[in-house]
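The values are calculated or read from the model by the stated rules, or taken from the named source; none is laboratory data. Computed from a prediction, not measured in an experiment: that's the story for all the values here. Neighbour counts are summed over all protein chains in view; Cβ atoms, including those assigned to glycine, are modelled from backbone coordinates with ideal geometry.
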Amino acid sequence: AGRATAIPDVDRDIRILPGLAQRDRRHPDVMRGEETQLLGAAAHLGAGSHLVCMPGTHSKWVRLADDRVEGFSTFMTGELFDTIARHTILSHAVAEADTFAAGSAAFTDAVSRTRENPALATNLLFSVRAGQLLHGTAAADARAQLSGTLIGLEIAGALAGSGSVDGVCLVGSGGLGTLYRTALESQGLNVRAVDADEAVRAGLSAAARTIWPL
């Protein structure tokens, strides 16, 4: 909030909160918007080291130490799911699929298989199509398998760079939040859930109190 930018030539004091930039040449990354959720979620966490997951089209995983961001990683899971489901051979497998339950065995099994063998991710993706051709996998289960494979790959990548982790703070809501919670708990991780909308409001309020102290 201390680096918020004031909008010139307007009647009110309007500020834009800055994002975050990770300028490491080997791991460049940017965050534009999720930092406000993070600010609100951090109020629930207290001191110590924390791993925060904010799922979405471009999911963010953030390593916090007390109130300081040590690093973060972006995963294009949501965008990849949409692209693969619409524009690859797997579109035939998931066409007209019903919504699947978060606790679906097809989903949690795919999460586990991919986390255990992330190097096989593209092979596991093709098995979605092969399973339908050879074993008549239902479209809903194929969609669950596709989702589980991509989320399992994300979890494997996020945890690989985070050292020893006992739990994850999940900032999410709705069906996507439920899906990620199921995936994380299926891997034996303790999940502390924070509603995404509440986190945004709390973050904006915290920033406002810093900018305009009463």
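Considering only residues in segment 44-61 that are out of contact with any Lys or Arg (no Cβ under 7 Å at 6 or more places or on another chain) and more than 15 Å from A196 (Cα to Cα), the one that is modelled with the highest pLDDT turns out to be H50. The helices (runs of 4 or more DSSP H) found entirely in segment 5-95 that carry 1 or more residues being within 23 Å of L176 (Cα to Cα) and within 17 Å of the chain's Cα centre (by Cα) are 34-42, 77-87. Every listed requirement among (1) part of a helix (DSSP H, G or I); (2) touching a helix residue (DSSP H, G or I) at 6+ places or on another chain (Cβ under 8 Å); (3) free of Cβ contacts under 8 Å to residues at least 60 places away in the same chain is met by V111 save one, (3). Restricting attention to segment 72-98, the residues that are in contact (Cβ under 8 Å) with a residue 60 or more places away in the chain and either of a type in the set (S, T, N, Q) or out of contact with any Gly (no Cβ under 7 Å at 6 or more places or on another chain) (or both) total 6. All conditions but one from (1) closer than 28 Å to Q187 by Cβ; (2) touching a residue at least 12 places away in the same chain (Cβ under 8 Å) apply to A105; the one that does not is (2).
Of the residues V165, V200, V191, the single one that is in contact with a helix residue (DSSP H, G or I) (Cβ under 9 Å, 6 or more places away or on another chain) and assigned to a strand (DSSP E or B) is V191. Filtered by the rule that a residue be of a type in the set (A, V, I, L, M, F, W, C) and surrounded by 14 or more Cβ atoms within 10 Å (Cβ to Cβ), segment 1-29 gives A1, A4, L17, L20.
Candidates A119, A202: the one that is over 19 Å from the mean Cα position of the chain (by Cα), of a type in the set (A, V, I, L, M) and closer than 30 Å to P18 by Cα is A202.
In the set G40, G2, only one residue is touching a residue at least 60 places away in the same chain (Cβ under 8 Å) and under 17 Å from L170 (Cβ atoms); that residue is G40. So is G148 among the small types (G, A, S), in a helix (DSSP H, G or I) and in contact with a Ser or Thr (Cβ under 6 Å, 6 or more places away or on another chain) or not? In short, no.
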